[in-house]
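*Asks:* Can you read through this structure? Questions will come right after.
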Amino acid sequence: MYESGRDRRWNQGGRNPLSIVITGVVFLFGIGVVFAIGYLFPSVLLVTIILGCLVFVGVTLAMRRFMGTAWAYWYTGPFVAIALIGTVMLAEDVALSQAGELTEVVVVDHEVDVTTQHNPNGRHARKVYTHTYSLERTDGTPVAEPMIYRGKDGFDDFDEGDTVSVLIDPEGNAPTEPADDVDLPADIGVLVTGLVTSGIVFFICGIVVLLRWTRSPSPHRVR
């Protein structure tokens with residue numbers, strides 16, 4: 001029996017159902033690591049985001065290899081990304097909700113820093129906005145940790161003189177955030193949605209790989 005070029009590439013790539021299972025296990029392990037880092041070290045959110053991006057790239061590249069098609073990026077990437085985004089959000093909010101103290105504060109100063117970042121090719125420069133809100137308690141005691149928002153518009157309806165409710169970590173390990181922004185049910189919903197949809201995609205991909213693998217010619221039958 002002759003082996004087609006497509007079958008040969010499939011066999012050489014080692015694509016079998018176990019590959020999909022291992023990728024799924026690695027994905028779940030990566031989710032756990034991202035959550036642990038985000039929960040234990042909420043002040044280094046950037047590190048958590050970078051770690052999540054590495055998990056995303058690793059899983060999508062693995063699926064691309066095992067499925068043998070570039071479309072694997074599109075039918076796995078979005079759902080993996082949703083799960084990782086939910087993980088980062090949940091880890092930060094859980095850490096802050098446990099360590100933070102609900103406090104009424106007054107916004108005494110609002111500064112906006114605007115910087116311009118250029119791509120390596122020198123094109124498509126973009127502006128980066130960083131809003132820094134200096135706070136003090138209602139009794140006039142200053143809050144050491146300001147609120148920081150990275151984005152163009154800043155926190156909605158927050159400006160100098162406003163009294164708002166925030167969560168403050170006395171140890172300074174978790175960032176100061178508006179109390180209304182900590183929404184654990186929403187975070188859990190995003191995470192569960194990502195995990196369920198990713199699980200469905202992994203299951204379907206596993207079935208496809210299983211069918212393709214069982215139909216591939218055995219190596220000893222190839223001439």
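The values are calculated or read from the model by the stated rules, or taken from the named source; none is laboratory data. Predicted model only: the values in this text are computed from it and were never measured. When we count neighbours, we look across all protein chains shown, and the Cβ atoms used for this are built from the backbone with ideal geometry, even at glycine. The accessibility values were calculated without ligands, DNA or RNA, using every heavy atom of the protein model including side chains. Shrake-Rupley method; radii C 1.70, N 1.55, O 1.52, S 1.80 Å.
*Asks:* In nm, give the distance between the simple-model label positions of VAL21 and TRP213, each being 7 Å from the Cα along the Cα-to-Cβ direction.
*Replies:* 0.8 nm
*Asks:* With all protein chains present, how much of the accessible area of segment 12-83 (probe radius 1.4 Å) comes from carbon and sulfur, to the nearest whole percent?
*Replies:* Exposed carbon and sulfur together represent 81 percent of the surface.
*Asks:* Further, regarding this structure: Along segment 35-40, what does the Karplus equation 6.51 cos²θ - 1.76 cosθ + 1.60 (θ = phi - 60°) give for ³J(HN,Hα), rounded to whole Hz, x for Gly and Pro?
*Replies:* So the Karplus estimates, Gly and Pro as x, are 5, 4, 5, x, 6, 6 Hz.
*Asks:* If packing is taken as the average number of other Cβ atoms within 10 Å across a peptide's residues, how do 70-81, 167-178 rank, most packed first?
*Replies:* Listed from highest to lowest mean packing, they are 167-178, 70-81.
*Asks:* Output the Kirkwood hydrodynamic radius of segment 114-197, Cα pairs only, in Å rounded to one decimal.
*Replies:* Roughly 15.8 Å, rounded to one decimal.
*Asks:* Give the Rg/Rh ratio for segment 80-156, taking Rg as the radius of gyration of the Cα atoms and Rh as the Kirkwood radius, to two decimals.
*Replies:* 1.09
*Asks:* How big is segment 147-192 along each principal axis, measuring the range of its Cα positions in Å and listing the largest first?
*Replies:* Each principal axis gives a Cα extent; for segment 147-192 these are 38, 28, 19 Å.
*Asks:* So, one more: For the chain, what is Rg from Cα atoms divided by 2.2 N^0.38 Å, rounded to two decimals? Spell out each step's value before the answer.
*Replies:* Working: Rg = 23.7 Å, N = 223, 2.2 N^0.38 = 17.2 Å.
Ratio of Cα Rg to 2.2 N^0.38 Å: 1.38.
*Asks:* Regarding segment 24-117, what's the average projected area of the Cα-atom convex hull, expressed in nm²?
*Replies:* So the Cα hull casts an average projection of 8.7 nm².
*Asks:* What are the extents of the Cα atoms of segment 58-98 along their three principal axes, listed from largest to smallest and rounded to whole Å?
*Replies:* 45, 14, 7
*Asks:* Next up: Calculate how steeply helix 72-99 sits against the longest principal axis of the alpha-carbon atoms of the chain, using the helix alpha-carbon long axis, and give the answer as 0 to 90 degrees to the nearest 10.
*Replies:* With both axes taken from Cα atoms, the answer is about 30 degrees.
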